[in-house]
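Worksheet for the structure shown next.
The values are calculated or read from the model by the stated rules, or taken from the named source; none is laboratory data. The structure displayed is predicted, hence computed values, not measured ones. Note that each Cβ is placed from the backbone with ideal geometry, even for glycine, and that neighbours are counted across all protein chains shown.
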Amino acid sequence: MANRYEYTVVELREGMIGGKMSGDKLEQVLNEHAAQGWQLKAITSVEVKGRVGPGGVEGLLVTFERRSAELTRPAWARSSLIMTRPSRLRGD
């Protein structure tokens, strides 16, 4: 069976109209997602829409990856066919 992954993308910017990105803020986001089983996949610098006025501000798209929840369950829980031992019939 091929590995399956799921992804989440977090958009970061420092303030409402831009500003310098804080290393502390990025570190907090990385640690919060790592605690939930996410692994950093990529960080991309982009221009994101500001909350005030037209145009954009410098920001980051932080992409996280983890194995699909389907694959983190035990194999017996993933199976659509569960074999059980037949019960004895009365009179045996």
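Please go through (1) part of a loop (DSSP other than H, G, I, E, B); (2) surrounded by 10 or more Cβ atoms within 10 Å (Cβ to Cβ); (3) at pLDDT 70 or above for V52 and return the number of the only condition it doesn't satisfy.
Failed condition: (3).
So, in region 31-49, how many residues would count as being at pLDDT 95 or above and outside any loop (DSSP other than H, G, I, E, B)?
Going through region 31-49 one residue at a time, the tally reaches 9.
With (1) at pLDDT 90 or above; (2) part of a helix (DSSP H, G or I) as the list, and D24 as the residue in question, which single condition is left unmet?
Result: D24 passes all but (1).
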